[in-house]
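Each remark here refers to the structure printed beneath this line.
The values are calculated or read from the model by the stated rules, or taken from the named source; none is laboratory data. If you're wondering where the values come from, they're calculated on a predicted model, not measured in any experiment. So basically every Cβ, Gly included, is an ideal-geometry build from the backbone, and we count neighbours across all protein chains shown.
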Amino acid sequence: MKKTIIIFLLIALLIPNASAQAATKSLNTKANLSACKNIKKDYKSETMSKWSNGLASDQDVLEEIDLNIKTLTKKQEITTGKIKTVIFDWIQSERDTKNQLINKNIDGLTSAINSKILSIKNFDKICKSIKK
């Protein structure tokens, strides 16, 4: 039994771990840096803020969400790694927000907005971790 375990461990140590290294992509790319900079600049939330105070219509918010989805999708296409994943999650939360608003589902809308906030926080955290 001990021989089998030792042989297994030796084989595991001798096999190169290239597959694990190949799956890891650097976040420090020009496209990722650009996405971080531009999304923070281009993302719109003024109408959503006004809407929560009753100063904007549902239609205005839906238009802002569509614009944000378009912006995020465009930037996601050029990114890699964790940023690509977190932008995808962010896009999904924007779509969920839109659907819940259309369906007038307050509980679902609250959940979608919380998901959106979490995605934004994750995106910001990843962007801050990129070496410039």
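Please go through segment 43-72 and give me each residue that is within 21 Å of the chain's Cα centre (by Cα), without any contact (Cβ under 8 Å) to a residue 24 or more places away in the chain and in a loop (DSSP other than H, G, I, E, B), ordered by number. The one that is within 21 Å of the chain's Cα centre (by Cα), without any contact (Cβ under 8 Å) to a residue 24 or more places away in the chain and in a loop (DSSP other than H, G, I, E, B): Ser45. All of Lys75, Lys84, Lys40 fail the test of being in a helix (DSSP H, G or I) and touching a residue at least 60 places away in the same chain (Cβ under 8 Å), apart from Lys40. Considering (1) closer than 18 Å to Asn122 by Cβ; (2) at pLDDT below 90; (3) assigned to a helix (DSSP H, G or I), the lone condition that Lys25 does not fulfil carries the number (3).
The set of residues in segment 39-61 that are crowded, with 16+ Cβ neighbours inside 10 Å and of a type outside the set (Gly, Ala, Ser) comprises Ile39, Tyr43, Thr47, Met48, Trp51, Val61.
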